[in-house]
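S.K.: Quick one: this structure, given as structure tokens, is what I'll be asking you about.
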Amino acid sequence: MARTPEWLELRAPEDVVPLRRAVRRWAVELGFGLVDQTKIVTAASELGRNAVLHGGGGRALLEALQEGGLRGLRLTVTDQGPGIADVELAMRDGYTTVGGLGLGLGGARRLVSEFEIESTPGKGTRVTITRWSA
Amino acid sequence: MERIPILKMGEFLLVSIQVDMHDRLALALQEDLSDRIVETHARGVLIDISSLEMVDSFMGRMLGNIASISRVLDAETVVVGMQPSVAITLVELGLSMAGVRTALNVEQGISVLHDLARRK
Amino acid sequence: MQGTNRLPEILRKHEGEILAEWRRQQVAPGGKEATRDPELHEQGRKFLAALREAAQESYSPPFEGPHWDRTRELLTQISRERARVGDTATGTAMFIFSLKLPVFARLQEEYGGDAQGLAAEISNASLLLDHLGLHTVEVFVRSREEVIARQQEEMLELSTPVVKLWDGILALPLIGTLDSARTQVVMETLLQQIVNTGAGIAIIDITGVPTVDTLVAQHLLRTVAAARLMGADCIISGIRPQTAQTIVHLGVELGDVVTKATLADAFGLALMKTGSMVVRRERGE
């Protein structure tokens with residue numbers, strides 16, 4: 001079940017649409033149930049929007065994983081934006097940046113099996129989420 | 001950029017969201033709806049999301065905004081047709097859709113709007 | 001191993017004979033294959049071709065690496081298909097193992113009096129076929145597990161019926177112990193039925209559930225929340241005294257979820273909420 005990783009550019013708000021579609025496609029191919037699909041697509045949408053709105057644009061990488069009998073979908077979203085100074089704070093629900101709306105990171109974390117975030121102020125942010133099929 | 005069509009149904013407005021939403025489209029919808037509510041003196045707005053396979057926090061907030069804006073313009077809003085997988089995901093996402101009235105389908109939604117309009 | 005790579009050559013020279021003998025070996029036990037002869041022939045031919053190519057490039061243990069990908073892929077497909085139609089693990093493995101005799105017979109012819117050469121070649125060929133046979137069995141087992149898992153899911157759906165009590169009122173009587181996976185499937189079914197029937201109220205009755213742990217309680221509450229988001233409402237009924245205590249001890253917040261002691265009470269409430277009334281007829285009417 002080898003599938004070559006797929007890169008997607010995230011420059012404008014509209015780019016979230018192809019990202020959602022790609023994640024949905026991959027999730028379907030990996031045999032995820034409908035609810036699992038929807039969860040990872042929603043999480044992807046949150047991350048994608050963040051990259052565009054707060055990160056000044058970025059890229060997304062989709063990869064298929066296999067561990068034991070489980071299949072997983074991994075999405076990594078990176079941007080070279082201003083970064084997040086206080087990740088803890090940002091993960092809290094309802095956190096609002098100046099002029100923007102909540103980051104949705106906390107919500108995205110709840111929707112996935114694994115969640116990793118690296119952010120350096122001034123350098124950028126990388127968020128990696130993985131969802132395993134039940 | 002295409003805009004989401006708004007249909008007039010008696011004293012209500014009907015919006016059927018069938019495409020993938022992004023920021024610009026959502027803002028355009030809010031503007032268009034506000035204009036149409038005032039133009040038509042609409043008493044209620046029905047938003048049909050039965051085609052949406054995903055609702056993220058942005059979309060949720062947009063629906064909330066539409067409900068609030070409409071109320072200020074003296075129209076009530078009902079969102080109908082939320083798919084089960086979307087509902088389950090929203091619960092886990094932790095998004096509170098308080099302030100947004102929902103109904104299972106268009107028929108029930110219109111019934112709710114009638115009730116609300118009658119009470120005023 | 002020096003000089004021990006006559007396998008590809010033999011597979012090419014004697015393809016027809018090997019195929020015929022191989023097929024005969026496979027049909028003998030089990031007997032299922034007899035009806036799928038032409039398909040088997042094609043599978044066999046493809047497999048031998050792939051085997052020949054791979055053995056040409058790399059013919060030493062552990063028989064892994066990109067050269068062997070095509071061969072493995074073919075075996076994976078064949079194994080999956082057999083698992084799907086209910087063949088046995090032995091029957092599937094015999095696809096490979098029954099190839100030994102025809103191949104060894106040809107090797108013997110080829111090597112004539114060269115006992116050492118023959119021994120080395122047979123040893124290697126044996127290792128190879130054993131390895132491929134194991135792969136076949138592994139894929140078969142995994143595929144059977146997938147089939148069983150899918151069947152279990154289907155059974156789950158069937159064994160948790162959602163009943164319509166009245167116009168706009170559904171009931172989901174849960175029975176037995178609930179594990180996380182089952183509860184999820186059940187809840188999704190309920191929500192889908194709410195959409196399908198346009199029911200405004202769903203009663204989840206847990207009278208038949210002896211123990212409710214935190215996970216199950218959370219699932220229940222999430223289902224109620226999801227139903228509300230969709231525009232319907234839920235009532236939970238049949239909470240036993242022990243369950244009530246567990247819920248409080250676990251610190252589960254019921255919030256404003258309505259709970260009733262019995263399904264009957266819940267039904268009465270649901271009727272009221274949907275604007276219905278039950279009226280007793282006078283005698284003689």
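Every read-out reported here was derived from the displayed coordinates using simple, explicitly stated rules and does not represent laboratory data. Because the structure is a prediction, the values reported are computed rather than measured. We place every Cβ from the backbone using ideal geometry, glycine too, and count neighbours over all the protein chains shown.
S.K.: Quick one: dipole size for the protein assembly as shown, taken about the Cα centre, charges +1 on Lys/Arg Cβ and -1 on Asp/Glu Cβ, in debye to the nearest 20.
M.R.: Numbers: 58 positive and 69 negative charges, 179 e Å.
With Lys and Arg at +1 and Asp and Glu at -1, about 860 debye.
S.K.: A further question follows. Amide H to amide H under 5 Å from residue A:57: which residues, 5+ apart in sequence or cross-chain, H placed 1.01 Å off N in plane?
M.R.: So residue A:57 has HN proximity to A:52.
S.K.: Going from the alpha-carbon gyration tensor of segment A:22-82, what semi-axes, largest first and in whole Å, does one get by taking the root of 5 times each eigenvalue?
M.R.: Calculated on Cα positions only, the semi-axes equal 24, 12, 8 Å.
S.K.: Rank C:232, B:12, C:271 by how far each Cα sits towards the positive end of the charge dipole of the protein assembly as shown (+1 on Lys, Arg Cβ; -1 on Asp, Glu Cβ) and give me just the farthest.
M.R.: Positive-end residue among those listed: C:271.
S.K.: In percent, what relative contact order does segment C:30-129 have, based on Cα pairs under 8 Å that are 6 or more apart in sequence?
M.R.: RCO, segment C:30-129: 24 percent.
S.K.: Which order do A:61, A:30 fall in if you start with the one that has the fewest other Cβ atoms within 10 Å?
M.R.: Working: A:61 15, A:30 22.
By the 10 Å Cβ count, ascending, the order reads A:61, A:30.
S.K.: Any lysines with Cα under 17 Å of the residue C:13 Cα? List them, leaving off those in the same chain fewer than 8 positions away.
M.R.: Answer for residue C:13, where 17 Å is the Cα cut-off: C:46, C:100, listed by chain and number.
S.K.: Shielding of B:50-59 by partners, i.e. mean partner chain Cβ atoms within 10 Å per residue?
M.R.: Counting other chains' Cβ atoms within 10 Å and averaging over B:50-59 gives 6.
S.K.: Next up: Hey, what's the per residue convex hull volume over the C-alpha atoms of segment B:59-120, in cubic angstrom?
M.R.: 74 Å³
S.K.: Report, by chain and number, residues whose modeled amide H sits under 5 Å from the one on residue C:205, excluding near sequence neighbours (fewer than 5 apart, same chain).
M.R.: Amide H neighbours of residue C:205: C:172, C:174, C:237.
S.K.: When Cβ neighbours within 10 Å are restricted to other protein chains, what is their mean count per residue of peptide C:185-191?
M.R.: 3
S.K.: Evaluate the relative contact order of chain B (contact order divided by residue number), counting alpha-carbon pairs under 8 angstrom at least 6 apart; express in whole percent.
M.R.: Relative CO of chain B lands at 25 percent.
S.K.: Once every DSSP H run of n ≥ 4 in chain C is given -39500 (n - 2.57) and the sum is divided by its residues, what mean residue ellipticity at 222 nm do you get, rounded to the nearest 500 deg cm²/dmol?
M.R.: -21000 deg cm²/dmol
S.K.: Under 25 °C and 0.890 mPa s, how fast does the protein assembly as shown diffuse according to Stokes-Einstein, given a Kirkwood radius computed over C-alpha pairs? Answer in µm²/s, whole number.
M.R.: 88 µm²/s
S.K.: Shifting gears a bit: Using the Cα centre of the protein assembly as shown as origin and beta-carbon charges of +1 (Lys, Arg) and -1 (Asp, Glu), tell me which of B:91, B:70, A:107 is placed farthest towards the positive end of the dipole.
M.R.: B:70
S.K.: Then there is this: Using the number of other C-beta atoms within 10 angstrom as an exposure proxy, rank C:180, B:70, B:16 with the fewest first.
M.R.: Least crowded to most crowded, the residues run C:180, B:16, B:70.
S.K.: Next up: Relative to the longest principal Cα axis of chain C, at what angle does helix C:115-159 sit, 0 to 90 degrees, rounded to 10?
M.R.: Result, in degrees: 10.
S.K.: Sticking with this structure for a sec: Per residue and in cubic angstrom, what volume does the convex hull of the Cα atoms of chain B have?
M.R.: Per-residue hull volume (Cα only) is 92 Å³.
S.K.: Return the average number of partner chain Cβ atoms within 10 angstrom of each residue Cβ along peptide B:16-28.
M.R.: 3
S.K.: Note down the magnitude of the dipole of chain A about its Cα centre, charges +1 on Lys and Arg C-beta and -1 on Asp and Glu C-beta and zero elsewhere, to the nearest 20 debye.
M.R.: That gives chain A a dipole magnitude of about 280 debye.
S.K.: While we're here: Taking only DSSP H segments of four or more residues, each worth -39500 (n - 2.57), what value at 222 nm results for chain B once the sum is divided by all its residues, to the nearest 500 deg cm²/dmol?
M.R.: One gets -15500 deg cm²/dmol as the mean residue ellipticity at 222 nm.
S.K.: Against the empirical 2.2 N^0.38 Å scaling, what ratio does the C-alpha Rg of chain C come to?
M.R.: Here the answer is 1.67, to two decimals.
S.K.: Please provide three numbers in whole Å: the alpha-carbon extents of segment B:28-93 along the principal axes, with the largest listed first.
M.R.: Per principal axis, max minus min of the Cα coordinates gives 37, 18, 18 Å.
S.K.: Also, quick follow-up: Using the number of other C-beta atoms within 10 angstrom as an exposure proxy, rank A:49, A:3 with the fewest first.
M.R.: Values: A:49 25, A:3 11.
Placing the least packed residue first, the sequence is A:3, A:49.
S.K.: Tally Lys and Arg at +1 and Asp and Glu at -1 over the other residues with C-beta under 10 Å from the C-beta of residue B:40: what net charge comes out?
M.R.: On the way: positive: B:8, B:36, B:43; negative: B:11, B:35, B:39.
Once positives and negatives cancel, what remains is 0.
S.K.: Express the relative contact order of segment C:153-268 as a whole percentage, based on alpha carbon pairs under 8 Å and six or more residues apart in sequence.
M.R.: After rounding, I find 25 percent.
S.K.: Under 17 Å Cα to Cα from residue A:123, which aspartates and glutamates show up? Leave out anything in the same chain fewer than 8 places away.
M.R.: Here the aspartates and glutamates satisfying the reach criterion relative to residue A:123 are A:79, A:86.
S.K.: Hey, what do the phi angles of segment C:259-276 turn into as Karplus ³J(HN,Hα) couplings, whole Hz, using 6.51/-1.76/1.60 and θ = phi - 60°, x for Gly and Pro?
M.R.: Using θ = phi - 60°, the values come out as 10, 10, 5, 10, 4, 4, 4, 4, 4, x, 4, 4, 4, 4, 5, 8, x, 9 Hz.
S.K.: If you average 1/r over all unlike Cα pairs in segment C:154-241 and invert the result, what Kirkwood radius do you get in angstrom?
M.R.: The answer is 12.8 Å.
S.K.: What is the local net charge at residue B:73, summed over the other residues whose Cβ is closer than 12 Å to its Cβ (Lys, Arg +1; Asp, Glu -1)?
M.R.: It works out to a net charge of -1.
S.K.: Which value in Å does the Kirkwood hydrodynamic radius of chain A take, with 1/r averaged over all unlike C-alpha pairs and then inverted?
M.R.: Kirkwood radius, chain A: 14.8 Å.
S.K.: Restricting to Cα atoms and excluding each atom paired with itself, what does the Kirkwood estimate give for segment C:117-263 in Å? Please list the in-between numbers first.
M.R.: On the way: mean 1/r = 0.0555 Å⁻¹.
Result for segment C:117-263, one decimal place: 18.0 Å.
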